[in-house]
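Contents: one structure, followed by commentary.
The values are calculated or read from the model by the stated rules, or taken from the named source; none is laboratory data. Model, not experiment: these values are computed from the prediction. Note: accessible area is taken over every heavy atom of the protein model, side chains too, but ligands, DNA and RNA are not part of it. Shrake-Rupley method; radii C 1.70, N 1.55, O 1.52, S 1.80 Å.
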Amino acid sequence: MSVAGIISMPPSARILNLLLLALLAGLDPSKTQISPKEGWQVYSSAQDPDGRCICTVVAPEQNLCSRDAKSRQLRQLLEKVQNMSQSIEVLNLRTQRDFQYVLRMETQMKGLKAKFRQIEDDRKTLMTKHFQELKEKMDELLPLIPVLEQYKTDAKLITQFKEEIRNLSSVLTGIQEEIGAYDYEELHQRVLSLETRLRDCMKKLTCGKLMKITGPITIKTSGTRFGAWMTDPLASEKNNRVWYMDSYTNNKIVREYKSVADFVSGAESRTYNLPFKWAGTNHVVYNGSLYFNKYQSNIIIKYSFDTGRVLAQRSLEYAGFHNVYPYTWGGFSDIDLMADEIGLWAIYATNQNAGNIVISQLNPDTLEVMKSWNTGYPKRSAGESFMICGTLYVTNSHLTGAKVYYSYSTKTSTYEYTDIPFHNQYFHISMLDYNARDRALYAWNNGHQVLFNVTLFHIIKTEDDT
(Lines give C-alpha, C1' and ligand atoms only; values in the text may rest on other atoms or scores of the structure.)
Protein backbone atom coordinates (compact mmCIF):
# COMPACT_ATOMS: atom_id res chain seq x y z
CA MET A 1 0.00 0.00 0.00
CA SER A 2 1.26 3.48 -0.88
CA VAL A 3 0.16 6.89 0.33
CA ALA A 4 0.75 9.94 -1.85
CA GLY A 5 1.26 13.17 -0.01
CA ILE A 6 2.30 16.74 -0.35
CA ILE A 7 4.76 17.52 2.40
CA SER A 8 5.30 21.19 3.07
CA MET A 9 8.88 21.04 4.21
CA PRO A 10 9.50 23.59 6.97
CA PRO A 11 12.86 25.31 7.25
CA SER A 12 15.21 23.24 9.38
CA ALA A 13 16.02 24.32 12.92
CA ARG A 14 19.05 26.15 11.56
CA ILE A 15 16.97 27.99 8.98
CA LEU A 16 14.64 29.08 11.77
CA ASN A 17 17.69 30.34 13.64
CA LEU A 18 18.60 32.35 10.55
CA LEU A 19 15.26 34.08 10.71
CA LEU A 20 15.75 34.85 14.39
CA LEU A 21 19.21 36.22 13.71
CA ALA A 22 17.90 38.36 10.90
CA LEU A 23 15.35 39.88 13.26
CA LEU A 24 17.99 40.37 15.98
CA ALA A 25 20.19 42.11 13.42
CA GLY A 26 17.52 44.78 13.02
CA LEU A 27 16.25 43.70 9.62
CA ASP A 28 12.75 44.47 8.50
CA PRO A 29 10.42 41.75 9.87
CA SER A 30 8.24 42.21 6.78
CA LYS A 31 11.05 40.55 4.82
CA THR A 32 10.78 37.35 6.83
CA GLN A 33 7.56 35.89 5.56
CA ILE A 34 7.25 32.17 6.13
CA SER A 35 4.48 29.97 4.84
CA PRO A 36 2.63 28.02 5.90
CA LYS A 37 1.53 29.34 9.28
CA GLU A 38 2.94 27.99 12.48
CA GLY A 39 1.25 24.86 13.62
CA TRP A 40 0.78 21.47 12.03
CA GLN A 41 -2.22 20.08 10.26
CA VAL A 42 -3.02 16.93 8.35
CA TYR A 43 -5.67 16.86 5.66
CA SER A 44 -6.82 13.58 4.09
CA SER A 45 -10.13 14.28 2.42
CA ALA A 46 -9.42 13.32 -1.17
CA GLN A 47 -8.32 10.40 -3.32
CA ASP A 48 -6.49 10.23 -6.62
CA PRO A 49 -7.75 8.20 -9.62
CA ASP A 50 -5.88 5.13 -8.33
CA GLY A 51 -7.66 5.28 -4.98
CA ARG A 52 -4.65 6.47 -3.02
CA CYS A 53 -5.19 8.91 -0.20
CA ILE A 54 -4.01 12.46 -0.90
CA CYS A 55 -2.94 14.33 2.21
CA THR A 56 -1.30 17.64 2.97
CA VAL A 57 0.98 17.82 6.00
CA VAL A 58 2.02 21.22 7.24
CA ALA A 59 4.93 20.57 9.54
CA PRO A 60 5.43 22.74 12.63
CA GLU A 61 8.40 24.89 13.30
CA GLN A 62 10.48 23.62 16.20
CA ASN A 63 9.41 24.66 19.71
CA LEU A 64 5.99 25.71 18.49
CA CYS A 65 4.58 26.72 21.85
CA SER A 66 7.61 28.74 22.87
CA ARG A 67 7.23 30.93 19.78
CA ASP A 68 3.46 31.02 19.55
CA ALA A 69 2.25 34.61 19.89
CA LYS A 70 -0.64 33.78 22.20
CA SER A 71 1.54 31.65 24.47
CA ARG A 72 4.19 34.35 24.58
CA GLN A 73 1.54 36.92 25.50
CA LEU A 74 0.19 34.57 28.15
CA ARG A 75 3.62 34.16 29.73
CA GLN A 76 4.20 37.91 29.72
CA LEU A 77 0.87 38.52 31.44
CA LEU A 78 1.55 35.81 34.00
CA GLU A 79 4.91 37.37 34.80
CA LYS A 80 3.23 40.73 35.20
CA VAL A 81 0.63 39.28 37.55
CA GLN A 82 3.39 37.64 39.60
CA ASN A 83 5.24 40.94 39.88
CA MET A 84 2.08 42.71 40.96
CA SER A 85 1.35 39.99 43.51
CA GLN A 86 4.79 40.52 45.02
CA SER A 87 4.18 44.27 45.21
CA ILE A 88 0.86 43.72 46.93
CA GLU A 89 2.56 41.36 49.40
CA VAL A 90 5.05 44.11 50.27
CA LEU A 91 2.19 46.55 50.79
CA ASN A 92 0.40 44.00 52.94
CA LEU A 93 3.44 43.51 55.22
CA ARG A 94 3.82 47.26 55.60
CA THR A 95 0.10 47.59 56.35
CA GLN A 96 0.29 44.89 59.03
CA ARG A 97 3.23 46.66 60.64
CA ASP A 98 1.45 49.99 60.64
CA PHE A 99 -1.72 48.38 61.92
CA GLN A 100 0.08 47.30 65.11
CA TYR A 101 1.26 50.87 65.53
CA VAL A 102 -2.28 52.15 65.11
CA LEU A 103 -3.50 49.75 67.78
CA ARG A 104 -1.00 51.24 70.21
CA MET A 105 -2.18 54.73 69.22
CA GLU A 106 -5.75 53.67 69.85
CA THR A 107 -4.88 52.73 73.43
CA GLN A 108 -3.23 56.09 73.95
CA MET A 109 -6.20 57.89 72.47
CA LYS A 110 -8.53 56.10 74.89
CA GLY A 111 -6.30 57.26 77.74
CA LEU A 112 -6.45 60.76 76.33
CA LYS A 113 -10.22 60.62 76.33
CA ALA A 114 -10.22 59.66 80.01
CA LYS A 115 -7.96 62.59 80.82
CA PHE A 116 -10.35 64.97 79.14
CA ARG A 117 -13.15 63.70 81.35
CA GLN A 118 -11.02 64.19 84.42
CA ILE A 119 -10.26 67.74 83.42
CA GLU A 120 -13.95 68.39 82.90
CA ASP A 121 -14.70 67.14 86.42
CA ASP A 122 -12.02 69.17 88.14
CA ARG A 123 -10.95 72.10 86.06
CA LYS A 124 -9.50 74.24 88.79
CA THR A 125 -7.40 72.01 91.02
CA LEU A 126 -5.84 69.77 88.44
CA MET A 127 -5.77 72.06 85.39
CA THR A 128 -2.01 72.57 85.25
CA LYS A 129 -1.09 68.96 85.92
CA HIS A 130 -3.52 67.50 83.41
CA PHE A 131 -2.65 70.04 80.76
CA GLN A 132 0.96 68.93 80.88
CA GLU A 133 -0.04 65.30 80.65
CA LEU A 134 -2.36 66.14 77.75
CA LYS A 135 0.47 67.86 75.90
CA GLU A 136 2.70 64.82 76.34
CA LYS A 137 0.00 62.55 74.98
CA MET A 138 -0.50 64.83 71.98
CA ASP A 139 3.23 64.72 71.29
CA GLU A 140 3.07 60.95 71.29
CA LEU A 141 0.26 61.01 68.74
CA LEU A 142 2.04 63.30 66.27
CA PRO A 143 3.80 60.38 64.43
CA LEU A 144 0.38 58.98 63.63
CA ILE A 145 -0.24 61.73 61.08
CA PRO A 146 2.34 60.56 58.43
CA VAL A 147 1.28 56.97 59.07
CA LEU A 148 -2.28 57.83 58.20
CA GLU A 149 -1.09 59.71 55.10
CA GLN A 150 0.88 56.63 54.03
CA TYR A 151 -2.23 54.56 54.61
CA LYS A 152 -4.08 56.76 52.14
CA THR A 153 -1.33 56.33 49.50
CA ASP A 154 -1.13 52.57 50.04
CA ALA A 155 -4.87 52.26 49.83
CA LYS A 156 -4.87 53.99 46.43
CA LEU A 157 -2.04 51.73 45.18
CA ILE A 158 -3.81 48.62 46.36
CA THR A 159 -6.99 49.76 44.63
CA GLN A 160 -5.09 50.34 41.37
CA PHE A 161 -3.37 46.96 41.64
CA LYS A 162 -6.62 45.18 42.27
CA GLU A 163 -8.23 46.84 39.26
CA GLU A 164 -5.29 45.95 36.99
CA ILE A 165 -5.20 42.37 38.23
CA ARG A 166 -8.93 42.12 37.57
CA ASN A 167 -8.38 43.29 33.98
CA LEU A 168 -5.44 40.95 33.49
CA SER A 169 -7.44 38.05 34.83
CA SER A 170 -10.09 38.69 32.21
CA VAL A 171 -7.45 38.76 29.46
CA LEU A 172 -5.82 35.58 30.75
CA THR A 173 -9.15 33.82 30.89
CA GLY A 174 -9.87 34.83 27.29
CA ILE A 175 -6.48 33.60 26.08
CA GLN A 176 -6.86 30.36 28.00
CA GLU A 177 -10.24 29.76 26.41
CA GLU A 178 -8.80 30.53 22.97
CA ILE A 179 -5.83 28.22 23.43
CA GLY A 180 -8.08 25.43 24.60
CA ALA A 181 -8.71 23.22 27.54
CA TYR A 182 -5.22 21.66 27.63
CA ASP A 183 -2.74 22.59 30.27
CA TYR A 184 0.06 24.65 28.75
CA GLU A 185 2.83 22.19 29.61
CA GLU A 186 0.73 19.26 28.47
CA LEU A 187 0.00 21.02 25.17
CA HIS A 188 3.69 21.82 24.76
CA GLN A 189 4.72 18.19 25.34
CA ARG A 190 2.05 16.92 22.95
CA VAL A 191 3.31 19.24 20.21
CA LEU A 192 6.95 18.27 20.79
CA SER A 193 6.07 14.57 20.69
CA LEU A 194 4.06 15.00 17.52
CA GLU A 195 6.80 17.12 15.97
CA THR A 196 9.40 14.43 16.70
CA ARG A 197 7.27 11.75 15.08
CA LEU A 198 6.63 13.90 12.04
CA ARG A 199 10.29 14.84 11.62
CA ASP A 200 11.30 11.18 11.94
CA CYS A 201 8.94 10.50 9.08
CA MET A 202 10.34 13.40 7.09
CA LYS A 203 13.89 12.05 7.46
CA LYS A 204 12.76 9.06 5.43
CA LEU A 205 11.64 11.37 2.65
CA THR A 206 14.73 11.83 0.54
CA CYS A 207 13.38 13.04 -2.76
CA GLY A 208 10.31 14.68 -4.18
CA LYS A 209 8.95 16.90 -6.90
CA LEU A 210 9.00 20.69 -6.49
CA MET A 211 5.50 22.06 -5.99
CA LYS A 212 5.93 25.47 -4.38
CA ILE A 213 8.51 28.10 -3.35
CA THR A 214 7.82 30.44 -0.43
CA GLY A 215 9.72 33.31 1.16
CA PRO A 216 12.19 34.80 0.99
CA ILE A 217 13.77 35.12 4.41
CA THR A 218 16.33 37.93 4.36
CA ILE A 219 19.41 36.85 6.31
CA LYS A 220 21.77 39.73 5.58
CA THR A 221 22.37 42.70 3.31
CA SER A 222 25.97 42.96 2.16
CA GLY A 223 28.34 42.98 -0.79
CA THR A 224 27.83 44.03 -4.38
CA ARG A 225 24.90 43.33 -6.66
CA PHE A 226 26.34 39.92 -7.59
CA GLY A 227 27.79 37.15 -5.45
CA ALA A 228 27.33 33.78 -3.79
CA TRP A 229 26.93 32.44 -0.26
CA MET A 230 26.55 28.84 0.78
CA THR A 231 26.82 26.08 3.37
CA ASP A 232 27.96 22.49 2.91
CA PRO A 233 25.00 20.11 2.38
CA LEU A 234 27.14 17.16 3.53
CA ALA A 235 28.38 18.82 6.72
CA SER A 236 27.36 17.46 10.11
CA GLU A 237 24.57 19.11 12.06
CA LYS A 238 27.14 20.78 14.33
CA ASN A 239 29.07 22.22 11.39
CA ASN A 240 27.28 25.37 10.30
CA ARG A 241 30.09 27.15 8.49
CA VAL A 242 29.10 29.76 5.90
CA TRP A 243 31.19 30.75 2.87
CA TYR A 244 30.86 34.10 1.15
CA MET A 245 32.15 35.03 -2.33
CA ASP A 246 31.40 38.58 -3.43
CA SER A 247 31.25 39.60 -7.13
CA TYR A 248 31.28 37.43 -10.25
CA THR A 249 34.80 38.19 -11.51
CA ASN A 250 38.22 39.58 -10.68
CA ASN A 251 38.20 38.11 -7.18
CA LYS A 252 39.98 35.26 -5.37
CA ILE A 253 38.95 35.94 -1.73
CA VAL A 254 36.59 33.52 0.03
CA ARG A 255 35.39 34.53 3.49
CA GLU A 256 34.45 31.89 6.04
CA TYR A 257 32.21 32.23 9.10
CA LYS A 258 31.92 29.60 11.84
CA SER A 259 28.17 30.00 12.13
CA VAL A 260 25.22 31.83 10.72
CA ALA A 261 25.31 34.11 13.77
CA ASP A 262 28.88 35.09 12.90
CA PHE A 263 27.86 35.61 9.29
CA VAL A 264 25.06 37.96 10.30
CA SER A 265 27.33 39.91 12.67
CA GLY A 266 30.24 39.93 10.20
CA ALA A 267 32.68 38.02 12.43
CA GLU A 268 34.96 36.23 9.96
CA SER A 269 36.77 33.11 11.16
CA ARG A 270 39.07 32.67 8.18
CA THR A 271 39.89 34.07 4.74
CA TYR A 272 41.06 31.98 1.79
CA ASN A 273 43.07 33.37 -1.11
CA LEU A 274 42.32 31.05 -4.02
CA PRO A 275 45.07 30.25 -6.53
CA PHE A 276 42.79 31.33 -9.42
CA LYS A 277 40.11 33.94 -9.97
CA TRP A 278 36.62 32.59 -10.36
CA ALA A 279 34.03 33.21 -13.06
CA GLY A 280 30.35 33.78 -12.31
CA THR A 281 28.55 33.17 -9.03
CA ASN A 282 27.60 29.52 -9.49
CA HIS A 283 30.03 27.87 -7.08
CA VAL A 284 29.24 25.11 -4.60
CA VAL A 285 30.75 23.78 -1.37
CA TYR A 286 30.42 20.00 -1.24
CA ASN A 287 31.91 17.67 1.39
CA GLY A 288 34.45 20.23 2.61
CA SER A 289 35.69 21.40 -0.81
CA LEU A 290 34.88 24.38 -3.00
CA TYR A 291 34.05 23.73 -6.66
CA PHE A 292 34.29 26.73 -8.96
CA ASN A 293 34.80 27.70 -12.60
CA LYS A 294 38.26 29.11 -13.32
CA TYR A 295 38.11 32.59 -14.88
CA GLN A 296 38.19 32.77 -18.70
CA SER A 297 38.07 28.99 -19.10
CA ASN A 298 35.79 25.97 -18.93
CA ILE A 299 38.03 24.41 -16.27
CA ILE A 300 36.44 23.28 -13.00
CA ILE A 301 38.57 23.59 -9.85
CA LYS A 302 38.20 21.51 -6.68
CA TYR A 303 39.76 23.37 -3.75
CA SER A 304 40.08 21.91 -0.24
CA PHE A 305 39.34 24.28 2.64
CA ASP A 306 41.12 21.96 5.07
CA THR A 307 44.45 21.79 3.20
CA GLY A 308 44.25 25.04 1.22
CA ARG A 309 45.25 23.14 -1.91
CA VAL A 310 43.73 22.37 -5.30
CA LEU A 311 42.75 18.70 -5.22
CA ALA A 312 41.59 18.40 -8.81
CA GLN A 313 40.94 20.39 -11.97
CA ARG A 314 39.42 19.36 -15.26
CA SER A 315 38.16 20.98 -18.44
CA LEU A 316 34.44 20.56 -19.07
CA GLU A 317 34.58 19.43 -22.68
CA TYR A 318 32.82 21.69 -25.23
CA ALA A 319 31.30 23.85 -22.49
CA GLY A 320 30.88 27.50 -23.45
CA PHE A 321 32.54 30.05 -21.15
CA HIS A 322 33.24 33.77 -20.69
CA ASN A 323 29.68 34.92 -21.52
CA VAL A 324 29.21 32.63 -24.55
CA TYR A 325 26.25 30.84 -22.91
CA PRO A 326 25.48 32.71 -19.68
CA TYR A 327 22.20 33.06 -17.84
CA THR A 328 20.01 36.03 -18.76
CA TRP A 329 21.89 38.36 -16.39
CA GLY A 330 25.33 37.61 -17.90
CA GLY A 331 28.16 37.80 -15.39
CA PHE A 332 30.22 34.90 -16.84
CA SER A 333 27.53 32.51 -15.56
CA ASP A 334 28.15 29.98 -18.35
CA ILE A 335 28.97 27.06 -16.03
CA ASP A 336 26.77 26.43 -13.00
CA LEU A 337 28.02 23.95 -10.38
CA MET A 338 25.49 22.56 -7.91
CA ALA A 339 24.70 19.64 -5.61
CA ASP A 340 21.56 17.82 -4.50
CA GLU A 341 20.57 14.58 -2.75
CA ILE A 342 22.10 12.53 -5.57
CA GLY A 343 25.48 14.21 -6.06
CA LEU A 344 27.50 16.89 -7.84
CA TRP A 345 26.32 18.47 -11.11
CA ALA A 346 27.45 20.91 -13.79
CA ILE A 347 24.95 22.88 -15.89
CA TYR A 348 26.25 24.51 -19.08
CA ALA A 349 25.68 24.73 -22.85
CA THR A 350 27.60 23.63 -25.90
CA ASN A 351 27.67 24.41 -29.59
CA GLN A 352 27.02 20.74 -30.21
CA ASN A 353 23.69 21.08 -28.37
CA ALA A 354 22.85 24.32 -30.17
CA GLY A 355 23.38 26.45 -27.08
CA ASN A 356 20.79 24.48 -25.11
CA ILE A 357 21.35 23.37 -21.54
CA VAL A 358 23.46 20.28 -20.89
CA ILE A 359 23.26 18.48 -17.52
CA SER A 360 26.33 16.53 -16.42
CA GLN A 361 26.78 14.50 -13.27
CA LEU A 362 30.35 14.79 -12.00
CA ASN A 363 32.58 12.54 -9.96
CA PRO A 364 33.28 14.72 -6.90
CA ASP A 365 36.83 13.36 -6.54
CA THR A 366 38.12 13.41 -10.12
CA LEU A 367 35.62 15.85 -11.72
CA GLU A 368 35.08 13.35 -14.54
CA VAL A 369 31.71 13.50 -16.29
CA MET A 370 29.83 10.36 -15.28
CA LYS A 371 26.80 10.94 -17.48
CA SER A 372 25.25 13.81 -19.48
CA TRP A 373 21.76 14.76 -20.63
CA ASN A 374 21.05 17.19 -23.49
CA THR A 375 17.96 19.33 -22.96
CA GLY A 376 16.12 21.54 -25.42
CA TYR A 377 16.04 24.66 -23.25
CA PRO A 378 18.27 27.57 -24.42
CA LYS A 379 20.84 28.45 -21.75
CA ARG A 380 20.67 32.15 -22.63
CA SER A 381 16.91 32.14 -21.92
CA ALA A 382 17.36 30.79 -18.40
CA GLY A 383 17.44 33.17 -15.43
CA GLU A 384 18.94 30.62 -13.01
CA SER A 385 18.64 26.89 -12.34
CA PHE A 386 18.98 24.38 -9.50
CA MET A 387 18.82 20.61 -8.96
CA ILE A 388 16.49 18.79 -6.56
CA CYS A 389 16.55 15.00 -6.46
CA GLY A 390 18.09 14.67 -9.90
CA THR A 391 15.66 17.06 -11.58
CA LEU A 392 16.83 20.36 -13.02
CA TYR A 393 14.51 23.33 -12.43
CA VAL A 394 15.00 26.38 -14.65
CA THR A 395 13.67 29.90 -14.10
CA ASN A 396 12.62 32.05 -17.04
CA SER A 397 14.17 35.29 -15.74
CA HIS A 398 16.39 36.85 -13.09
CA LEU A 399 14.10 39.87 -12.71
CA THR A 400 10.71 40.63 -11.15
CA GLY A 401 8.05 38.14 -12.20
CA ALA A 402 10.49 35.24 -12.48
CA LYS A 403 9.14 31.74 -12.04
CA VAL A 404 10.26 28.14 -12.41
CA TYR A 405 9.27 27.56 -16.01
CA TYR A 406 10.95 24.31 -17.07
CA SER A 407 12.13 21.07 -15.47
CA TYR A 408 14.12 18.11 -16.73
CA SER A 409 14.27 14.75 -14.95
CA THR A 410 17.54 12.86 -15.31
CA LYS A 411 15.79 9.76 -13.95
CA THR A 412 13.32 9.55 -16.83
CA SER A 413 15.13 11.78 -19.38
CA THR A 414 11.92 13.76 -19.84
CA TYR A 415 11.00 17.41 -19.46
CA GLU A 416 7.92 19.45 -18.70
CA TYR A 417 6.94 23.10 -18.59
CA THR A 418 5.99 24.31 -15.13
CA ASP A 419 4.49 27.41 -13.56
CA ILE A 420 5.94 27.84 -10.05
CA PRO A 421 6.21 31.53 -9.13
CA PHE A 422 8.41 32.90 -6.37
CA HIS A 423 8.85 36.34 -4.85
CA ASN A 424 11.87 38.19 -6.26
CA GLN A 425 12.04 40.52 -3.26
CA TYR A 426 14.91 42.71 -4.45
CA PHE A 427 14.31 42.50 -8.21
CA HIS A 428 17.57 40.87 -9.38
CA ILE A 429 18.79 37.32 -8.68
CA SER A 430 22.36 36.37 -9.56
CA MET A 431 22.60 33.09 -7.63
CA LEU A 432 19.99 30.44 -6.77
CA ASP A 433 21.09 27.06 -5.39
CA TYR A 434 19.36 24.24 -3.52
CA ASN A 435 20.80 22.90 -0.27
CA ALA A 436 19.70 19.31 0.38
CA ARG A 437 20.52 19.42 4.10
CA ASP A 438 18.43 22.52 4.74
CA ARG A 439 15.89 21.74 2.00
CA ALA A 440 15.97 25.40 1.07
CA LEU A 441 17.12 27.61 -1.79
CA TYR A 442 20.06 29.93 -1.11
CA ALA A 443 19.94 33.11 -3.21
CA TRP A 444 21.89 36.32 -3.80
CA ASN A 445 19.18 38.87 -4.42
CA ASN A 446 20.67 42.21 -5.47
CA GLY A 447 23.10 42.48 -2.55
CA HIS A 448 20.84 40.62 -0.14
CA GLN A 449 21.50 37.09 1.07
CA VAL A 450 18.13 35.34 1.28
CA LEU A 451 16.56 31.89 1.70
CA PHE A 452 13.51 30.37 0.04
CA ASN A 453 11.54 27.45 1.47
CA VAL A 454 10.38 24.67 -0.86
CA THR A 455 7.37 22.36 -0.88
CA LEU A 456 7.98 18.91 -2.34
CA PHE A 457 5.56 16.19 -3.42
CA HIS A 458 6.42 12.73 -2.11
CA ILE A 459 5.17 9.20 -2.58
CA ILE A 460 5.32 7.70 0.90
CA LYS A 461 5.57 3.92 0.87
CA THR A 462 4.52 1.89 3.88
CA GLU A 463 6.06 -1.33 5.16
CA ASP A 464 3.21 -3.24 3.52
CA ASP A 465 4.49 -2.36 0.03
CA THR A 466 5.50 -5.31 -2.07
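Let me cross-check R314: its accessible surface, 1.4 Å probe, with only protein heavy atoms counted, in Å² to the nearest 10?
90 Å²
What area, in nm² and to one decimal, does the C-alpha convex hull of region 257-403 cast on average over all directions?
One quarter of the hull surface, i.e. the mean projection, equals 9.3 nm².
Using modelled amide H (1.01 Å from N, peptide plane; none on Pro or chain starts), what sits under 5 Å from the amide H of Y426, excluding residues fewer than 5 places away?
Close amide H contacts, sequence-distant or interchain: none at all.
Apply the Debye scattering formula to region 350-402, with a single equal point scatterer on each alpha-carbon and no solvent, then give log10 I(q)/I(0) at q = 0.15, 0.18, 0.23, 0.26 Å⁻¹.
Each listed q maps to, in turn, -0.49, -0.68, -0.96, -1.08.
State the three equivalent ellipsoid semi-axes of region 380-466, derived from the C-alpha gyration tensor as the square roots of 5 times its eigenvalues, in descending order and whole Å.
Numbers: eigenvalues 141, 51, 21 Å².
Listed largest to smallest, the semi-axes of region 380-466 are 27, 16, 10 Å.
Work out how far the C-alpha atoms of region 316-432 reach from end to end along every principal axis, then list the three figures in whole Å, largest first.
Computed over region 316-432, the largest-to-smallest principal extents equal 38, 29, 25 Å.
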